[in-house]
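Chemist: First, the structure itself, so that you have it in front of you.
Just so you know, all these numbers are worked out from the coordinates, no wet-lab data involved. Keep in mind the model is a prediction, meaning the values are calculated, not measured. Cβ: placed from backbone, ideal geometry, glycine included. Neighbour counts: every protein chain shown.
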Amino acid sequence: MKIADFGEVQLHCRIDGDPHGAPLVFANSLGTDMRLWDPILPLLPSGLKIIRYDKRGHGLSSLPRAPYSMGSLVRDAEQLLDLLEVKDCVFVGLSIGGMIAQGLAAKRLDLIRAMVLSNTGAKIGHRELWDERIAGVKAGGIESLADAVMERWFSADFRAKPELGLWRNMLTRQEDEGYIGCSAAISGTDFYTPTSALRLPTLGIAGDEDGSTPPDLVRETVDLIPGSQFHVIRRAGHLPCVEKPEEYADVLIRFLKEVGHV
């Protein structure tokens with residue numbers, strides 16, 4: 001584990017796998033930390049340099065005052081990859097992580113050779129929805145939203161399992177300020193125009209029971225990019241890497257092979 005200090009923000013990051021391998025970068029969702037990817041890491045092939053980080057206001061990264069802009073989140077990722085001397089990575093972003101991927105690809109195509117847009121959109125929700133959620137967190141903390149979030153995050157099958165408690169705990173142990181800050185960033189983001197200008201290999205992944213970013217939204221987003229691929233994971237919600245790690249890893253590995261990254 002490392003801390004990357006950029007003055008305004010300190011990002012917790014971790015590198016696993018082959019330090020000299022092809023870089024594979026993961027950016028996780030709102031209300032989670034880098035442990036989101038733990039279920040799939042053992043399933044990935046050797047020879048990859050696997051980079052994960054906690055975005056600002058989440059996990060072990062620092063907690064700047066909210067609100068945040070999407071530009072600041074993209075800049076955080078850009079500075080981290082520059083610090084780590086990463087070029088031509090495959091960037092896997094889930095939910096807000098997928099928005100960061102789109103913004104970073106539009107800004108610094110030298111950093112990303114291909115991307116996976118998982119359970120995300122060029123625009124997610126609308127300002128009124130996010131204003132309501134921000135107000136809820138300000139009034140009652142993340143705990144007040146937790147049960148509703150679990151409904152959106154996971155399939156009915158998974159919500160009946162004891163493991164649900166692990167992910168509910170991860171959500172409620174994030175900082176309210178970080179959740180509010182990143183919610184504001186999502187609220188103010190519409191990437192339809194910049195994403196439609198992108199020309200790089202792209203895979204979209206959706207869960208058919210995703211209550212946050214339904215498959216149609218993910219498909220609509222990746223269809224903006226010519227030649228993109230799209231895969232729906234059945235009986236999975238917003239975090240299919242948790243619910244169906246084997247299928248998620250299989251789809252990701254196939255894409256990595258197609259783009260010559262493994």
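Chemist: Using only the alpha carbons, work out the radius of gyration and Dmax of region 2-258 in angstrom.
Modeler: Cα-based Rg and Dmax for region 2-258 come out at 16.6, 48 Å.
Chemist: While we're here: Roughly how far apart, in whole Å, are the Cα centres of region 81-141 and region 208-262?
Modeler: Taking the Cα centre of region 208-262 as reference, the centre of region 81-141 is 15 Å away.
Chemist: Which of the GluC sites (Glu not before Pro) found in region 92-172 are loop residues per DSSP with 15 or fewer other Cβ atoms within 10 Å of their Cβ?
Modeler: On the way: sites: Glu128, Glu132, Glu143, Glu151, Glu163; in loops: Glu163.
Counting only loop positions with at most 15 other Cβ atoms within 10 Å, the GluC sites (Glu not before Pro) in region 92-172 are Glu163.
Chemist: Assuming R0 = 25 Å, what is the FRET efficiency of Asp190 and Ala135, from their Cβ-Cβ distance, to the nearest 0.05? Present the calculation step by step, with values, prior to reporting the outcome.
Modeler: Values: r = 22 Å, r/R0 = 0.86.
My answer for the efficiency is 0.70.
Chemist: Between Lys161 and Arg127, what is the label-point separation in nm under the 7 Å Cα-to-beta-carbon projection?
Modeler: It works out to 4.0 nm between the two label points.
Chemist: Next up: Using Cα pairs closer than 8 Å and at least 6 residues apart in sequence, work out the relative contact order for the chain, in percent.
Modeler: Values: 560 pairs, mean separation 56.9, N = 262.
It comes to 22 percent, rounded to a whole number.
Chemist: Using DSSP to call loops (not H, G, I, E or B), can you name the trypsin sites (Lys or Arg not before Pro) in region 130-223 whose Cβ has at most 15 other Cβ atoms within 10 angstrom? Don't skip to the answer; put the middle values down first.
Modeler: On the way: sites: Arg133, Lys138, Arg152, Arg159, Arg168, Arg173, Arg199, Arg219; in loops: Arg173, Arg199.
Counting only loop positions with at most 15 other Cβ atoms within 10 Å, the trypsin sites (Lys or Arg not before Pro) in region 130-223 are Arg173, Arg199.
Chemist: How much of the DSSP bridge set in the chain is antiparallel, in percent, rounded to the nearest 5? Write down the numbers at each step before the final one.
Modeler: Values: 9 of 33 bridges.
The antiparallel proportion sits near 25 percent.
Chemist: Which length gain, in nm to one decimal place, applies between Met1 and Lys87 when the Cα-Cα distance is subtracted from 0.36 nm times their residue separation? Display every interim value, and only then the final one.
Modeler: Values: separation 86, 0.36 × 86 = 30.96 nm, distance 2.07 nm.
Extending this stretch completely gives an extra 28.9 nm.
Chemist: What percent do you get for the relative contact order of region 5-58 when only Cα pairs under 8 Å and 6+ apart count?
Modeler: Working: 80 pairs, mean separation 28.9, N = 54.
Relative contact order for region 5-58 comes out at 53 percent.
Chemist: At 0.36 nm per residue, and after removing the present C-alpha to C-alpha distance, how many nm does the segment from Ser144 to Arg65 gain when stretched out fully? Intermediate results must be reported in sequence, preceding the final value.
Modeler: Values: separation 79, 0.36 × 79 = 28.44 nm, distance 2.10 nm.
This chain segment gains 26.3 nm when fully extended.
Chemist: Would you please state which residues of region 1-35 a label at Asn169 would reach in this model, taking the label point 7 Å out along Cα→Cβ and a backbone N cut-off of under 15 Å?
Modeler: 33, 35
Chemist: Taking loop as defined by DSSP and a crowding limit of 15 other beta carbons within 10 Å, which trypsin sites (Lys or Arg not before Pro) in region 23-81 fit?
Modeler: Numbers: sites: Arg35, Lys49, Arg52, Lys55, Arg56, Arg65, Arg75; in loops: Lys55, Arg56, Arg65.
Sites meeting the loop and neighbour criteria: Arg65.
Chemist: Grab the chain and count how many Lys pairs have their alpha-carbon atoms under 16 Å apart, sequence gap of 8 or more, or different chains.
Modeler: Values: Lys2/Lys49; Lys2/Lys55; Lys49/Lys87; Lys49/Lys257; Lys87/Lys107; Lys161/Lys244.
Taking the chain as the scope, the lysine pair count is 6.
Chemist: Report P(r) for region 105-235: all Cα-Cα distances, bin width 5 Å, range 0 to the bin holding the largest distance, values in whole percent.
Modeler: 2, 10, 16, 19, 18, 17, 12, 6, 1
Chemist: To continue, here is another question. How far is the Cα center of region 170-207 from the Cα center of region 30-77, in Å?
Modeler: Their Cα centres are 12 Å away from one another.
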